[in-house]
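Report on the following structure.
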2 protein chains.
Amino acid sequence: MSLGKIAVVGAGVIGLSIAWRALAAGWEAVVVDPAPCSGASWVAGGMLAPVTEAWPGEEPLLELGEASLRMWPEFAAELGDVGLRTEGTVVAAFDSADAEQLAILAAHLASIGRDVAQMSGPELRRIEPSLSTSVRSGLSVPGDLAVDNRKLLGVLRSKAAFVHESARAVRAGEVELADGSVVRADAVVIAAGAWSRNLHPRLNSLVRPVKGEILRLRPGRGAVPLTRTVRALVESRPMYLVPREDGEIVLGATQYEAGYDTEVTVKGVRDLLLDAERVVPGVTEFHLTESAAGVRASSPDNLPLIDWVEPGVIVATGHHRNGLLLAPITADAVVAMAGGEPVPEAVAAARLESR
Amino acid sequence: MSLGKIAVVGAGVIGLSIAWRALAAGWEAVVVDPAPCSGASWVAGGMLAPVTEAWPGEEPLLELGEASLRMWPEFAAELGDVGLRTEGTVVAAFDSADAEQLAILAAHLASIGRDVAQMSGPELRRIEPSLSTSVRSGLSVPGDLAVDNRKLLGVLRSKAAFVHESARAVRAGEVELADGSVVRADAVVIAAGAWSRNLHPRLNSLVRPVKGEILRLRPGRGAVPLTRTVRALVESRPMYLVPREDGEIVLGATQYEAGYDTEVTVKGVRDLLLDAERVVPGVTEFHLTESAAGVRASSPDNLPLIDWVEPGVIVATGHHRNGLLLAPITADAVVAMAGGEPVPEAVAAARLESR
């Protein structure tokens with residue numbers, strides 16, 4: 001017996017995960033999106049990295065991320081091959097100021113009981129030989145993983161039913177489409193990333209677009225593949241290289257406020273390539289196969305927004321740099337909320353109350 | 001009355017120009033290519049620049065280029081809008097070794113009676129204000145032009161009839177296709193660029209592929225468009241920025257021997273972006289819309305090959321960096337040869353004899 005119908009606006013990783021879990025829980029589910037899988041989730045690198053994303057003062061986000069990361073192996077196993085990589089993450093510091101930043105992060109993580117190994121340059125190169133000899137120090141974080149976001153989206157997409165149209169407003173009981181028609185549903189979920197702010201007045205000041213550019217590289221002749229995710233601070237700019245099973249590397253990501261612009265800039269590509277080369281010199285032997293930009297949905301405190309916005313309407317956005325990581329816990333929380341069940345304690349930090 | 005049928009192998013700018021001029025002369029013409037307009041001519045920047053390509057010892061190439069450049073205004077006018085730009089070219093020197101190279105070129109051009117203006121940095125910036133203040137000297141060459149190669153190919157393509165199949169051999173009277181069938185013709189022309197070497201044994205040692213990578217940029221907010229073609233030597237690496245009417249800039253080109261590889265390398269993109277930024281700092285405000293690689297058809301002496309390879313079979317390849325420039329004179333020469341008429345004196349340098 002169906003619990004009723006749920007309509008999800010937005011076919012990124014959050015919206016599709018919600019639809020999939022809702023189906024599994026006994027709902028009828030439909031996803032409203034004019035272009036499924038074309039936004040930030042598609043452009044993303046695929047890191048599942050709560051620890052290396054951590055920062056003093058953001059403990060609730062760390063706990064939420066860790067709770068979701070614990071769900072990932074089962075989430076992935078139920079979906080099939082989504083390219084989950086369990087080799088872990090290393091973080092490299094380029095100059096002494098970068099090393100100081102990493103030491104602050106390591107000390108903070110130790111103070112809250114997280115196990116992070118500080119390593120010298122040679123120690124890091126022993127486990128990831130492609131790192132530059134100018135990397136003097138860093139961290140090893142074996143628990144921070146990665147997923148092939150495009151494989152994942154492909155699998156999730158195959159499990160969903162779609163209305164291929166833009167939503168222009170959301171109310172209890174219905175999604176109003178750009179063509180004036182409506183999709184009726186017992187529960188409505190706003191999971192439209194940075195565009196969520198246009199769908200409900202409550203979200204207008206809580207979600208903003210943060211642009212990110214990313215490059216995809218494939219190994220050329222003589223290129224040495226990476227095994228772990230390599231993150232780095234290069235003159236304070238964060239950079240990551242996420243390897244895929246087939247040798248591809250996703251190199252990201254710039255981060256700046258440019259509205260909904262998704263053009264790739266010369267400046268962004270230049271910075272990514274130079275920073276990557278300084279940390280992993282061998283990237284110059286790779287082929288550049290794609291450059292793309294996406295728009296993250298960011299919130300004032302970097303925490304996602306997972307809550308009722310009004311009776312009948314749930315929001316699940318504001319996942320910023322953590323959409324892939326937080327998909328399992330967000331999906332389960334939204335489905336629990338829609339069904340009137342309690343949500344995990346870690347998700348309380350994502351409530352709208354007092355934000 | 002038709003002069004007979006001409007079959008041209010290769011739908012780049014050379015092959016398509018030959019087919020178009022052959023039609024105009026009264027031939028029936030067919031172009032054999034599995035993927036018209038997808039090779040070096042499509043990737044190219046579109047410079048029509050015999051003078052800034054000149055080098056001591058290559059006077060026959062300069063004369064051939066100048067003869068073809070004189071034909072360009074009429075060639076373009078007959079085709080319609082092909083984006084011919086007549087604002088001219090400036091060449092900038094980055095460091096003192098680059099300035100010395102340009103001085104050698106300027107002295108050489110003066111010694112053979114060509115009019116080239118040596119300019120200081122401020123003089124260059126007066127006519128092209130986007131040039132970096134670190135450009136200390138250079139040349140102005142108003143006669144070196146540019147064309148929108150993709151507009152040109154589009155127009156030429158619309159005038160041709162095609163057989164969409166690969167050629168695997170060429171003999172007097174026929175082109176043998178990959179599927180085993182043949183296209184019969186009274187005259188056969190090999191204009192398959194770097195692939196020409198596989199079509200006739202005579203060409204095997206005379207044509208080789210030289211890879212080139214190129215980027216296409218579009219102005220972002222606040223970007224200042226160029227008016228002239230800007231060429232530069234940056235630490236001995238030649239670089240060019242060719243502006244289009246709509247503000248697009250084509251940034252090229254790397255040059256190396258990598259067989260028929262057409263992957264875009266991280267190294268190539270990095271060098272192009274950094275060198276362009278050093279000469280025109282404002283390029284960082286442009287969007288990167290395309291990166292591509294092509295394979296030039298190069299000859300041992302940089303001169304093209306325009307001649308009979310055997311009775312009934314003409315070759316027109318080996319145009320290296322000058323395919324767009326040399327298209328008019330090559331097309332007219334080939335059509336004259338096929339019709340038993342004399343070819344312009346400048347084309348004698350492109351004969352196979354003694355090469």
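The values are calculated or read from the model by the stated rules, or taken from the named source; none is laboratory data. None of the values given here were measured: they were computed from a predicted structure. Quick reminder, even Gly has a Cβ in these numbers, built from the backbone with ideal geometry, and neighbours come from all protein chains shown. Calculation scope for accessible area: heavy atoms of the full protein, side chains included, ligands and nucleic acids excluded. Shrake-Rupley method; radii C 1.70, N 1.55, O 1.52, S 1.80 Å.
Here B:VAL189 meets the list (1) buried (at least 23 other Cβ atoms within 10 Å of the Cβ); (2) within 14 Å of another protein chain (Cβ to nearest Cβ) almost entirely, failing just condition (2). Scanning region B:285-299 for residues that are outside any strand (DSSP E or B) and modelled with pLDDT of 95 or more yields one hit, B:SER299.
Of all the helices (runs of 4 or more DSSP H) wholly in region A:77-160, which have at least 3 residues that are not aromatic (Phe, Trp, Tyr) and not assigned by TED's automatic domain parsing to the domain that holds A:VAL250?
Details: elements: A:96-111, A:121-127, A:149-158.
Answer list for region A:77-160: A:149-158.
Among the residues of region A:260-275, those that are in a helix (DSSP H, G or I) and either more than 10 Å from every other protein chain (Cβ to nearest Cβ) or within 20 Å of A:ALA93 (Cα to Cα) (or both) comprise A:ARG270, A:ASP271, A:LEU272, A:LEU273, A:LEU274, A:ASP275.
Residues in region B:6-40 that are open to solvent by 20 Å² or more (accessible area, probe 1.4 Å) and polar (S, T, N, Q): B:SER38 only. Within this structure, B:PRO73 fails the test of being out of contact with any Cys (no Cβ under 6 Å at 6 or more places or on another chain), touching a residue at least 24 places away in the same chain (Cβ under 8 Å) and not assigned by TED's automatic domain parsing to the domain that holds B:ARG244.
In the list B:GLY339, B:GLY312, which residue meets the criterion of being over 22 Å from B:ALA169 (Cα atoms) and not hydrophobic (A, V, I, L, M, F, W, C)?
Working: B:GLY312 fails: over 22 Å from B:ALA169 (Cα atoms).
Only one candidate passes the filter, namely B:GLY339.
Suppose the filter is touching a helix residue (DSSP H, G or I) at 6+ places or on another chain (Cβ under 8 Å), modelled with pLDDT of 95 or more and of a type in the set (Asp, Glu); does B:GLU63 pass it? Here the answer is yes, as B:GLU63 does meet what is asked.
Summed over region A:22-40, the residues that are within 23 Å of A:LEU69 (Cβ to Cβ), in contact with a strand residue (DSSP E or B) (Cβ under 8 Å, 6 or more places away or on another chain) and assigned to a helix (DSSP H, G or I) give a count of 2.
So B:ALA293 passes all but one of these: (1) touching a residue at least 24 places away in the same chain (Cβ under 8 Å); (2) over 22 Å from the mean Cα position of the chain (by Cα); (3) within 14 Å of chain A (Cβ to nearest Cβ). Which condition number does it fail? So B:ALA293 meets the others, but not (2).
With respect to the conditions (1) in contact with an Asp or Glu (Cβ under 8 Å, 6 or more places away or on another chain); (2) more than 14 Å from A:MET47 (Cα to Cα); (3) of a type in the set (Ser, Thr, Tyr), A:THR229 falls short on a single one, namely (2). Report whether or not A:ASP246 is in a strand (DSSP E or B), surrounded by fewer than 24 Cβ atoms within 10 Å (Cβ to Cβ) and either more than 14 Å from chain B (Cβ to nearest Cβ) or among the aliphatic types (A, V, I, L, M) (or both). Criteria not met by A:ASP246.
Do we have A:VAL309 as under 23 Å from A:LEU145 (Cβ atoms), in contact with a strand residue (DSSP E or B) (Cβ under 7 Å, 6 or more places away or on another chain) and in contact (Cβ under 8 Å) with a residue 12 or more places away in the chain here? So A:VAL309 fails the test. Across region B:276-290, what is the number of residues that are closer than 24 Å to B:ARG150 by Cβ, more than 8 Å from chain A (Cβ to nearest Cβ) and open to solvent by 10 Å² or more (accessible area, probe 1.4 Å)? Summing the residues that are closer than 24 Å to B:ARG150 by Cβ, more than 8 Å from chain A (Cβ to nearest Cβ) and open to solvent by 10 Å² or more (accessible area, probe 1.4 Å) in region B:276-290 gives 2.
In this structure, does A:LEU3 turn out to be touching a strand residue (DSSP E or B) at 6+ places or on another chain (Cβ under 6 Å), open to solvent by 20 Å² or more (accessible area, probe 1.4 Å) and either without any contact (Cβ under 8 Å) to a residue 12 or more places away in the chain or under 30 Å from A:GLU174 (Cα atoms) (or both)? Quick ask: steps written out before the conclusion?
Values: touching a strand residue (DSSP E or B) at 6+ places or on another chain (Cβ under 6 Å): no; open to solvent by 20 Å² or more (accessible area, probe 1.4 Å): yes; either without any contact (Cβ under 8 Å) to a residue 12 or more places away in the chain or under 30 Å from A:GLU174 (Cα atoms) (or both): yes.
It is false that A:LEU3 is touching a strand residue (DSSP E or B) at 6+ places or on another chain (Cβ under 6 Å), open to solvent by 20 Å² or more (accessible area, probe 1.4 Å) and either without any contact (Cβ under 8 Å) to a residue 12 or more places away in the chain or under 30 Å from A:GLU174 (Cα atoms) (or both).
For region B:266-294, the set of residues classified as charged (D, E, K, R) and closer than 23 Å to A:LEU241 by Cα consists of B:LYS267, B:ARG270, B:ASP271, B:GLU290, listed by residue number.
Restricting B:ARG184, B:ARG197, B:ARG202 to residues that are within 20 Å of the chain's Cα centre (by Cα), farther than 30 Å from B:ARG114 by Cα and among the basic types (Lys, Arg) narrows the list to B:ARG197.
Given the options B:ARG218, B:ARG228, name the one that is closer than 19 Å to B:SER140 by Cα, charged (D, E, K, R) and either more than 20 Å from the chain's Cα centre (by Cα) or not assigned by TED's automatic domain parsing to the domain that holds B:ALA11 (or both).
Values: B:ARG218 fails: closer than 19 Å to B:SER140 by Cα.
The conditions single out B:ARG228.
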